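Single-structure report; data block below.
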Amino acid sequence: MNTVSAELVGRVREGFARVFPGDPPRLATAPGRVNLIGEHTDYNDGFVLPMAIARSAVVAFRPRGDGLLRAHSLAYDETREAAVGALAAPGGHGWFSYVAGVAWAFASDGVPVAGMDVVVDGDVPIGAGLSSSAALEMATARALCAAAGAPWDPVRMARLGQKAENGYVGMNCGIMDQFASAACVDGSALLLDCRTLETRPVPVPAEAAVVVMDTGARRALAASAYNERRAACERVVAEIARTRPETRALRDVSPAELEAARARLDPQDARRASHVVAEILRPAALEQAFREGDLAGAGRLMSESHKSLRDLYEVSCEELDLVTSLARRQPSCYGARMTGAGFGGCAIALVDARDVSSFCDEVLFGYKATFDLPAALYSCRPVAGARLLE
Ligand code: GLA
């Protein structure tokens, strides 16, 4: 099943012919994602349940013999270049850092990396929390592997994508987004154990639609707030490890153990940790609800997750709270929650598949009455991870 827009592919091919005339390029693509549940758990060694969606980054590429990486972004109408052998971290911000960062991560991990001419574009909205950067990284990784004739190992590539973010781009993210973009399978969400990197496909019941609700709100301070949340989790682990040295991450702390330690913890840190220890249990619970066809139960878990992210982890915002509460008021909605890092971007709703279009109309109408933002609602289905388009 072709999940990449033909219009996008055509645009990238044409752009390549214009910017880098000569032999036609090969094409690699990788999808964005929504996370069904398990939010802010990946960097706590917990579980997540993302699903890749039919919004993608596309990279047209042609290997070069001289070790130069020349890249052009159609979205930014900008060409940048670097010698792959001379990339050094940290590598700054912006679209090129995702392309160059992956080449840097390959080289620093001993993976052969060839020079290339590349043109990049995509239809994952930028800054919406749908992992446009992970999609660009994994499409670049797919292209680099093909250019060097190396096999595609999705788990290793996800690790290298995360390394590029952490080491080169300077974003201290977990592994979920790159993993989903590299390794998701067609037709299923993916339950991922972020400690062992073991996965299990989880089919989404056909009677339910996953609706993306893009609030149109974009938040600039998300990265610093994200790093603060991470630091709070690490402080709690360090305190609990003083009496229980085997504690390596919040994954190792049960809700009861957290309660027992609460008096020793900063109250705000303790609130953050109580979100995480409960949220780590939710992906398996959602999987079970899906397998039993219990959509009401599945929706309840999603709404509980949102409440916890709003009140305990404090990463929601007015726009996400409004769109999810409008969604929950619709009779066809089982539950709704923010997805991704938060502070703006997208929420998702689990909706009766027969009723998607009236659901989208009603929620959008209500949302627009309060916020004059470029909001958009659309249903999505699970697609496969990164691949070559040939
Ligand atoms: C961002 C990060 C992920 C994850 C989510 C929150 O998307 O890139 O690693 O931490 O936020 O669940």
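Each value in this text was obtained by applying a stated rule to the coordinates, not by laboratory testing. None of these values were measured; they are calculated from a predicted model. Please note: Cβ atoms are built from the backbone with ideal geometry, for glycine as well, and neighbour counts cover all protein chains shown.
Tell me, how many Å apart are the Cα centres for the range 244-317 and for the range 158-201?
Centre-to-centre (Cα) distance: 20 Å.
Suppose each label sits 7 Å from its Cα in the direction of the beta carbon; what would the ARG329-GLU314 distance come out to in nanometres?
A separation of 2.8 nm, rounded to one decimal place.
Using Cα atoms only, what is the angle between the long axis of helix 222-243 and the major principal axis of the chain, expressed in degrees (0 to 90) to the nearest 10?
For helix 222-243, the angle is close to 60 degrees.
Where does the charge balance sit around SER308 when Lys and Arg score +1, Asp and Glu -1, over other residues with C-beta under 14 Å from its C-beta?
Within the 14 Å Cβ shell, the charges total +2.
Lys and Arg at +1, Asp and Glu at -1: add these up for the other residues within a Cβ distance under 13 Å of GLN162 and post the number.
My count for the surroundings of GLN162 gives -2.
Show the residues, 5+ positions off or on another chain, whose built amide H is closer than 5 Å to the amide H of ALA208.
Residues meeting the amide H criterion: ALA353.
Using a 7 Å offset from the Cα along the Cα-to-Cβ direction at both ALA369 and SER224, what is the distance between the two label points in nm, to one decimal?
Simple spin-label model gives 3.7 nm for this pair.
Determine the sum of side-chain charges near ARG244: Lys and Arg each +1, Asp and Glu each -1, restricted to other residues whose C-beta is under 9 angstrom from that of ARG244.
Charge balance in the 9 Å sphere: -2.
At q = 0.11, 0.12 Å⁻¹, what is the log10 ratio I(q)/I(0) for the range 280-359, with the Debye formula run over Cα points and no solvent?
-0.27, -0.32
Under 4 °C and 1.567 mPa s, how fast does the range 1-111 diffuse according to Stokes-Einstein, given a Kirkwood radius computed over C-alpha pairs? Answer in µm²/s, whole number. Don't skip to the end; give the middle numbers.
Details: Rh = 16.3 Å.
Taking Rh from Cα pairs, D becomes 80 µm²/s.
Quickly work out the LEU197-to-ALA83 label distance, labels modelled 7 Å from Cα along the C-beta direction, and quote it in nm with one decimal.
3.1
Determine, for HIS93, HIS306, the number of other Cβ atoms within 10 Å of each Cβ, and report the residues in order from fewest to most. Present the calculation step by step, with values, prior to reporting the outcome.
Numbers: HIS93 12, HIS306 27.
Going from sparsest to densest Cβ surroundings: HIS93, HIS306.
Run through every distinct alpha carbon pair of the chain and return the Kirkwood hydrodynamic radius in angstroms, one decimal place. Don't jump to the answer; show the numbers that get you there.
Numbers: mean 1/r = 0.0470 Å⁻¹.
Mean inverse Cα-Cα distance, inverted, gives 21.3 Å.
Taking amide H positions as placed in the peptide plane 1.01 Å from N, state which residues far from GLY335 in sequence (5 or more) or on other chains have amide H under 5 Å from it.
Those lying under 5 Å, H to H, from GLY335 are LEU350.
Based solely on its DSSP helices, what 222 nm [θ] is calculated for the chain when runs of n ≥ 4 H residues each add -39,500 (n - 2.57) and the sum is averaged over all residues, nearest 500 deg cm²/dmol?
Theoretical 222 nm ellipticity from helices: -13000 deg cm²/dmol.
Apply 1/(1 + (r/R0)^6) to the Cβ-Cβ distance of GLU7 and GLU259, taking R0 = 41 Å, and write down the FRET efficiency to the nearest 0.05.
After rounding to 0.05, the efficiency reads 0.15.
Just to confirm the number: angle between the C-alpha axis of helix 295-311 and the first principal axis of the chain, 0 to 90 degrees, nearest 10?
Between helix and principal axis, roughly 90 degrees.
Loop-only check: which chymotrypsin sites (Phe, Trp or Tyr not before Pro) in the range 141-192 are DSSP coil with at most 10 other Cβ within 10 angstrom?
In loop regions of the range 141-192 (DSSP not H, G, I, E or B), there are no sparsely surrounded chymotrypsin sites (Phe, Trp or Tyr not before Pro).
Convert each backbone phi in the range 277-293 into a coupling constant with the Karplus relation 6.51 cos²θ - 1.76 cosθ + 1.60 (shift: θ = phi - 60°), then list the ³J(HN,Hα) values in order as whole Hz, x for Gly and Pro.
Per-residue couplings from phi come out as 5, 6, 5, 4, 7, 6, x, 5, 5, 5, 4, 5, 4, 4, 5, 8, x Hz.
What's the long-distance tail for the range 51-163, i.e. % of Cα pairs beyond 19 Å?
Summing the P(r) of the range 51-163 above 19 Å gives 38 percent of all pairs.
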